[in-house]
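The values are calculated or read from the model by the stated rules, or taken from the named source; none is laboratory data. It should be emphasised that the depicted structure is a prediction, and the values quoted were computed from it without experimental measurement. We place every Cβ from the backbone using ideal geometry, glycine too, and count neighbours over all the protein chains shown.
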Amino acid sequence: MNRYRMRFAPQIWKPALSPSLVRWLRPLRERQQRRIVNIETIDVHGAQYVREALDAGDGLLIMPNHSSHADPYVIYAAADQVSTPLYIMATWHVFHDRTFIGQWMLRKHGCFSVDREANDIGAFRLATELLQKKPEPLVIFPEGEIYHCNQRVTPFRDGAAAIAVAAARKAKRTIRCVPCAIFYRYEEDPTEALKETMGELEEVILWRRRPEVPLDKRIYDFAEVLLVVKELEYFGEARTGKLPERIESLRDYILSQVEERHGLTDRSKGVPERVKAARRTIIEKRSAEGTSGDDKRILDEDLEDLFLVVQSFSYTGDYVMDHPSVERMAETIDKFEEDVLRKATASIRAKRKVEVRFAPPIEVSGDRKARNQIPALSSQVETQVQQMLDVSEASLSP
């Protein structure tokens, strides 16, 4: 998982979408898609659902899963096949880490920043207004983070659904949410490259390389070593039991300890939302005038703990064992590469193809009296995205 600076956004980047420039730059995007993320083919299913809703003048919120750094290339390539540019909400770090020209290009492609650590009312209002007024779809990735779990959706956060509901309550047109599944598969066998990276990882923990051991077992054994190290750090002893339960136990313990230190008592929400609330509290304390160097060091350690919580959230413990496909093994090694070898992004080891599936759009009610509308909508979209991923994964079976 990418490490990024945990602080409030230093500035705001607003969209400056230029449909003509987007059309003109399509060949460049296609070249970058092949050269940078090694994707040769993108098959789009259900594009007619998006096109029909756009032709009807509806406001569309596209809600895809977010398993890869290649997702922005893929979603724009799919939009090219629908013949529409996009607006895309992205974390401010995407802009901050680029040159002025890179930032300008993102804005011309409809991207705008959001501060995920704060209650970014400005980004919320902008997204709502785009849905109410603009002819182009808005794209928000409800998972928030890139978890490298392409075949299993992690829980959708409610922010995207909240934007859709807020837009529907004051819109003069129909607002719809479009479930979107992005599924990657290898066209070339990456196994030898995966074994090489696995060997590097084994050497990091002072093991010999074990090429004679099946790759899925090497992955599982390596994960258990990492977990034991963290159990010793936080519990003072290595625990026993199944990997998924031990990961969850460690994650819950670390998160609860951070929350307790900062007086946070709400345990009703999911892990991502609890982490967000804790991060916001800690960043506010760290940014306050008069915070000493020692206090900042302690707060930074709490932020590191929260980053570990998010990392562990992406390791379910049974992802490879449940179905040891080359895609699942590759994704897990991708996470090891970023988390252990500290690479900015995981290596692209072989040519890939992608399936993008759009489900029929879901009309969003503007009824203010509707109860639990936001979580229900978010859950409905999440379920449909998982079902479409299941269809794509089933097609991998011989």
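Would you call Lys285 free of Cβ contacts under 8 Å to residues at least 24 places away in the same chain and in a helix (DSSP H, G or I)? Criteria met by Lys285.
Identify the residue in segment 330-345 that is among the aliphatic types (A, V, I, L, M) and surrounded by fewer than 22 Cβ atoms within 10 Å (Cβ to Cβ) and, among all such residues, is nearest to the chain's Cα centre (by Cα).
Across segment 330-345, the extreme among qualifying residues is Ala344.
Residues that are out of contact with any Leu (no Cβ under 8 Å at 6 or more places or on another chain) and part of a helix (DSSP H, G or I) were ranked within segment 182-196; the one that is surrounded by the fewest Cβ atoms within 10 Å (Cβ to Cβ) is Glu192. Among residues of segment 199-225 that are outside any helix (DSSP H, G or I), those with a Cβ under 9 angstrom from a residue that is among the aromatic types (Phe, Trp, Tyr), sequence gap 6+ or separate chain, pair up as Ile205/Phe222; Trp207/Phe222. Report, by residue number, each residue of segment 351-366 that is within 19 Å of the chain's Cα centre (by Cα) and aliphatic (A, V, I, L, M). The answer is Val354, Val356. The selection criterion, being surrounded by fewer than 18 Cβ atoms within 10 Å (Cβ to Cβ), among the aliphatic types (A, V, I, L, M) and more than 22 Å from the chain's Cα centre (by Cα), does not hold for Leu215. Restricting segment 372-389 to residues that are at pLDDT below 95 and farther than 18 Å from Pro361 by Cβ, the residue that is surrounded by the most Cβ atoms within 10 Å (Cβ to Cβ) is Pro375.
Counting residues that are in contact with a Ser or Thr (Cβ under 8 Å, 6 or more places away or on another chain) and at pLDDT 95 or above, which helices (runs of 4 or more DSSP H) fully inside segment 36-114 reach at least 3?
47-55
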